[in-house]
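Reading through the structure tokens given below for one structure.
The values are calculated or read from the model by the stated rules, or taken from the named source; none is laboratory data. As the structure is a computational prediction, the values presented were derived from the model and not from experiment. Ideal geometry is used to build each Cβ from the backbone, glycine not excepted, and the neighbour counts take in all protein chains shown. Heavy atoms of the whole protein, side chains included, go into the accessibility calculation; ligands, DNA and RNA do not. Shrake-Rupley method; radii C 1.70, N 1.55, O 1.52, S 1.80 Å.
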Amino acid sequence: MARIVMKFGGTSVADLERIRRVADLVASEAGDGNEVAVVVSAMSGETNRLVALVDALDSDKIAEQTNSLGGAIDDEYDAIVASGEQVTSGLLAIALRRRGVKARSWLGWQIPLRTDSAHSKARIESIDDDQLDPSMKAGNVAVVAGFQGMAKSGRISTLGRGGSDTSAVALAVALKADRCDIYTDVDGIYTTDPRIVPEARRLNRIAFEEMLELASLGAKVLQVRSVELAMNNNLPIRVLTSFVENGAANPGTLVCHEDENMEERVVSGVAYSRDEAQITILRLQDKPGMVAKVCKVMSDANIIVDMIVQSISRSDNAANLTFTVGKRDLDKAQAALEAAKTEIGFEGIKSDPNVTKVSIVGIGMRSHTGVAQTMFEALAERNINVEVIATSEIKISVLINAEYTELAVRALHSAFNLAVA
Ligand code: ASP
Ligand code: MG
């Protein structure tokens, strides 16, 4: 007998037919005598629909210029967007009972799953097992609404988009589960996006560190924080599909600590993100403290700066500083810089939302040489210009014109022979 946490994403519970299918999968694990907790997302599209309702109502105040009671609405945002998971947890509990499996739904506040007070992007602080544990030991499947918790105030909180992955991993840690299986609409982690490169290959295993980089760099299979949590607690996660016929093999990908085989691979995957925008500050004075000033303006505006490069002109003490911010933050970033123009001292700003960050990731990069050369040669052969570069021990990212995204991803996938195991 084992204790298992199973997590099902939005597409896996998209309609009643899919929920019945999930109930069959859960019933089969429970039928084998395992203690099972299931974490569910909202039906696919539901959270987007709820967010759109909030956004539409919230923009009223701007239109009417009535800001007297304005300000933060994140607590109510959470009350609204958490409702999608309440529905799917109840539906799955019913579907299980109809199959003769004892089950009940659990909302975040009922467990309770306690979070900090950062509404809309809360972090989990603790998960009580005082009620869950005896209930599961008595043979009840616990169907837990993902994505939600309870803030210190007692109010509903949510964990950020994609947060039910983190609910599942945190629950697996708290319940000392033997396994944490994350069911999704793809059958594992791929060397790159198969929609761009049809020869992309499913990896049997991938190291936590690599998964963390891939998730941060744009691969959307797992929420970044869930990988961090799994890595810190040394909890292997299996990513697999719920879209599989009875009896078909479904090995998925195991996200776990690195082993020697993994290190033989130089590069494990190619990721890309279209979420970034580029800003160049023209003719910034070339003297100590200038980059710090720019970074302070960004952090005061709550904007995260990612890639940074500075180019200095030799003739006169000026430099151009180029960096990237999230596309959503571009207007805000430009406004903040314009406002600080005289204080910082520069000539002008140029911006470009039409860029993509393409990255290669692999723990093998620590011990292999020539990786950067292979990457830049592959891009140069296709005439792809690199605007900004960022590296870490296990990744190299380049910023390129968005038009060349597919071309670059394909070029890198083949330059590193990723189609071949
Ligand atoms: N339903 C939430 C979202 O769409 C949480 C999740 O699916 O993980 O972001
Ligand atoms: Mg997800």
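Could you state the angle between the C-alpha long axis of helix 371-381 and the longest principal axis of the C-alpha atoms of the chain, as a value from 0 to 90 degrees rounded to the nearest 10?
Around 70 degrees separate the two axes.
In nanometres, what is the gap between the two model label sites at ALA2 and CYS295, each 7 Å from Cα along Cα-to-Cβ?
Output for this residue pair reads 4.4 nm.
Using helices alone, what [θ] at 222 nm do you get for the chain, with -39,500 (n - 2.57) per DSSP H run of 4 or more residues, divided over all residues and rounded to the nearest 500?
-10000 deg cm²/dmol
How far apart, in nanometres, would the label points at VAL51 and ILE389 be if each is projected 7 angstrom from Cα along the Cα-to-Cβ direction?
Taking the simple label geometry, VAL51 and ILE389 are separated by 3.4 nm.
Which angle between 0 and 90 degrees, to the nearest 10, do you get for helix 46-58 versus the longest principal axis of the chain when only C-alpha atoms count?
Roughly 60 degrees between the two axes.
Please work out the FRET efficiency for the pair ASP286 and LYS121, using the Cβ-Cβ distance as r and a Förster radius of 41 Å; give the result to the nearest 0.05.
Working from the Cβ atoms, E equals 0.65.
Rounded to the nearest 0.05, what FRET efficiency do GLU377 and THR342 give with R0 = 35 Å and r taken as the Cβ-Cβ distance? Could you check?
E(calc), rounded to 0.05, equals 0.20.
Report, in degrees rounded to the nearest 10, the 0 to 90 angle that the Cα long axis of helix 290-300 makes with the longest principal axis of the chain.
30 degrees
Specify the inter-centroid distance of segment 321-387 and segment 177-218, based on alpha-carbon positions, in whole Å.
25 Å
Tell me the label-point distance for the pair ASN417, ASP185, using the 7 Å Cα-to-Cβ offset, in nm and rounded to one decimal.
3.5 nm
Quick check: residue separation of ASP58 and GLU260 times 0.36 nm, minus the Cα distance between them. What number comes out in nm?
Working it through step by step, the gained length comes to 67.5 nm.
Taking the highest mean first, how do the peptides 304-312, 94-102 order by number of other beta carbon atoms within 10 angstrom per residue?
In decreasing order of mean packing, 304-312, 94-102 become 94-102, 304-312.
Please work out how much length the chain gains when fully extended from ILE304 to ARG366, using 0.36 nm per residue of separation minus the C-alpha to C-alpha distance, in nm with one decimal.
Here the answer is 19.6 nm.
Provide the FRET efficiency to the nearest 0.05 for the ARG98-ARG328 pair, computing r from the beta carbons and using R0 = 45 Å.
For R0 = 45 Å, the calculated efficiency reads 0.55.
Please give the per residue accessible area of segment 77-152, computed with a probe of 1.4 Å over protein heavy atoms only, in Å².
The answer is 43 Å² per residue.
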